[in-house]
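Student: After the structure tokens below, expect a handful of questions from me.
The values are calculated or read from the model by the stated rules, or taken from the named source; none is laboratory data. What you see is a predicted model; the values in this text were computed from it and never measured. Note: ideal-geometry Cβ built from the backbone for every residue, glycine included; neighbour counts use all protein chains shown. SASA here: full protein model, heavy atoms, side chains in, ligands and nucleic acids out. Shrake-Rupley method; radii C 1.70, N 1.55, O 1.52, S 1.80 Å.
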Amino acid sequence: MSHQSDLISTDINAYLAQHERKELLRFLTCGNVDDGKSTLIGRLLHDSKMIYEDQLAAVQADSVKSGTTGAGKIDLALLVDGLQAEREQGITIDVAYRYFSTSTRKFIIADTPGHEQYTRNMATGASTCDLAIILIDARYGVQTQTKRHSFIASLLGIQHIIVAVNKMDLVDYSEQTFNKIKLDYLQFTASLALHDVRFIPISALDGDNVVNRSGNMPWFSGEPLMDALNNVKIANDHNFADARFPVQYVNRPNLDFRGFCGTVAAGVFKKGDKITALPSGKTSKIKSIVTYDGERAEAFPPMAVTFTLEDEIDISRGDMIVGNQTQAATVADKFRTKIVWMNEKALTPGRQYTLKLATRSVSGSVSMIHHRIDVNTLEHHDAAELKLNEIGNCTVSVNAPVVFDAYKASKGTGSFIIVDRLTNGTVGAGMIIGTTEDETWRPVSIEERTARFSQQAAAISITGANSKEIAYQLERKLFDNGHAATVLETPDAALIQAIKKAGLIGLCVNGKEACDSGFDSDSLPIDEIYNGLKDRKIIY
């Protein structure tokens, strides 16, 4: 069964024009390990005639040495799992993207990993998707990763969920099994913001209810998966009410033209509309909307356009143009957010990062972790840090005002990534909840200082002939590595207590009373003293 247009063989120009106008649907497959995500994508491509003959021949050959489906069957998962390690282990490690189209729609598929340690890859693949296919093995029902991926789909604002109960052939196509899984899933997701959830029983290996309706499950009256993908309505998923245009580039080719380039993130802009540039607050009107194909009367998501304005106002990259008739965007240097942490090195409050929100880059830090979210039970737990793949509700402080919306109102202006300033790698992703409440003047606690400086408050005695010199060298080494310490040349008990109450490390020159630990600088070089602080869990 082919879903391609007949125009491809009769009028290639008409076909290309028709293809360009097709609506694009981005979706991902996710679920537990071995639920059949890659096999399902392979089946979609195979049964809709979207595989070249040489590709199919190569997969047939690879199925003999790397396949997991048994003798005589093609392992369609090999169409997606291209890494050698993926084929050897029969798992998906990195996000794999595949493209295909039908007569009515274009599709981009993200095949995401099922292993817990690759949850960050799943979140990356889901960040741009309109729909998620969550696979469940009919033999095992709702699993931990099913819950994790459903929560992340909800967190990332994916509007449409298709729960594909796979491997129905292994449970004798049981309607009772399907209904039980459906009930279990709905019970878990009752508190999640999932608006459009559909359930389809399938066998990706044999093709039941994937592209063609299955004769093995006459009790199911719904659409096959391909029909559901073709018919789901996504046109109204964008926010067309609140006009938002992050400025990416100022185009100044000559003295007579100044244009502000970017992609419309939300809302509709029309020629002649009054606009406000944020954060400056300057106002003007749209003089023209310029595109590659000429001027247009209006622009809407996700169009890439250039605005010219009637007035010469100061706008640069990172600023945002907003419509005056829409809900006002927020300008602040602090906001509440949910963060998905994606790095082996834990997120701790106070550590400085670069935050990229739309086209704006600004330095900042997580000033407070309110709680960690257990994605298996949705319970909240106290947390001093966020480890790899953990999700937390946090307050973020930035060093300059930024323009933002709540993520649920506008994905493009309500999301950001966190970049490590040393490695330049992306270490986290955030979805903004809104402005902070009354947190600005909350006193700094010793726990916050402990988390920020990665240390325990302590008084350390430094003895020896050169104790004063060594103490100051150690202070410099601690400071250069992000810790907070001070040298006490004439320590006394009251001063030591004040230093410890402030969450600092006091380096006491030749003073042993009231000290928690000590080092002899005559017998130990400074590096060994520093490592000794690590061994005693004073710094980490």
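Student: Tell me the residue from 146, 177 that is polar (S, T, N, Q) and surrounded by 24 or more Cβ atoms within 10 Å (Cβ to Cβ), please.
Tutor: 146
Condition check ((1) without any contact (Cβ under 8 Å) to a residue 12 or more places away in the chain; (2) of a type in the set (Val, Ile, Thr); (3) in contact with a strand residue (DSSP E or B) (Cβ under 7 Å, 6 or more places away or on another chain); (4) assigned to a helix (DSSP H, G or I)) across all residues:
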{"residue": "170", "(1), (2), (3), (4)": "no, no, no, yes"}
{"residue": "176", "(1), (2), (3), (4)": "yes, no, no, yes"}
{"residue": "180", "(1), (2), (3), (4)": "no, no, no, yes"}
{"residue": "183", "(1), (2), (3), (4)": "yes, no, no, yes"}
{"residue": "219", "(1), (2), (3), (4)": "no, no, no, no"}
{"residue": "223", "(1), (2), (3), (4)": "no, no, no, no"}
{"residue": "229", "(1), (2), (3), (4)": "no, no, yes, yes"}
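Student: Name the pairs: first residue in the range 464-493 and on the phi > 0 side of the Ramachandran plot, second residue among the polar types (S, T, N, Q), Cβ to Cβ under 6 Å, at least 6 apart or on different chains?
Tutor: 464/521
Student: It is to be established whether one or more residues within the range 33-49 are open to solvent by 60 Å² or more (accessible area, probe 1.4 Å), out of contact with any strand residue (DSSP E or B) (no Cβ under 8 Å at 6 or more places or on another chain), at pLDDT below 65 and not polar (S, T, N, Q).
Tutor: No, because not a single residue in the range 33-49 is open to solvent by 60 Å² or more (accessible area, probe 1.4 Å), out of contact with any strand residue (DSSP E or B) (no Cβ under 8 Å at 6 or more places or on another chain), at pLDDT below 65 and not polar (S, T, N, Q).
Student: Which condition number in (1) assigned to a strand (DSSP E or B); (2) open to solvent by 30 Å² or more (accessible area, probe 1.4 Å); (3) free of Cβ contacts under 8 Å to residues at least 24 places away in the same chain is the one that residue 288 fails?
Tutor: Result: residue 288 passes all but (2).
Student: Residues that are open to solvent by 50 Å² or more (accessible area, probe 1.4 Å) and touching a helix residue (DSSP H, G or I) at 6+ places or on another chain (Cβ under 7 Å): does the range 201-208 have at least one?
Tutor: Yes: the range 201-208 contains one or more residues that are open to solvent by 50 Å² or more (accessible area, probe 1.4 Å) and touching a helix residue (DSSP H, G or I) at 6+ places or on another chain (Cβ under 7 Å).
Student: Okay, moving on. Filter the range 499-527 down to the residues that are among the β-branched types (Val, Ile, Thr) and open to solvent by 30 Å² or more (accessible area, probe 1.4 Å) and list them by number.
Tutor: Pass one, the range 499-527, residues among the β-branched types (Val, Ile, Thr): 499, 505, 509, 526.
Of everything in the range 499-527, just one residue is among the β-branched types (Val, Ile, Thr) and open to solvent by 30 Å² or more (accessible area, probe 1.4 Å), namely 526.
Student: Let me ask something additional. Does the range 209-224 hold any residues that are buried (at least 16 other Cβ atoms within 10 Å of the Cβ) and touching a Lys or Arg at 6+ places or on another chain (Cβ under 9 Å), and which are they?
Tutor: 210, 211, 220, 223, 224
Student: Here's something else I'd like to know. I need the full set of residues from the range 1-31 which are β-branched (Val, Ile, Thr), at pLDDT 70 or above and either open to solvent by less than 30 Å² (accessible area, probe 1.4 Å) or under 13 Å from residue 101 (Cβ atoms) (or both), in order please.
Tutor: 29
Student: Among the residues of the range 185-204, how many are assigned to a loop (DSSP other than H, G, I, E, B) and closer than 28 Å to residue 431 by Cβ? So that I can check it myself, show each step before the final result.
Tutor: Applying the first criterion (assigned to a loop (DSSP other than H, G, I, E, B)) to the range 185-204 yields 192-195, 202, 204.
Next cut, closer than 28 Å to residue 431 by Cβ only: 192-195.
Selection size over the range 185-204: 4.
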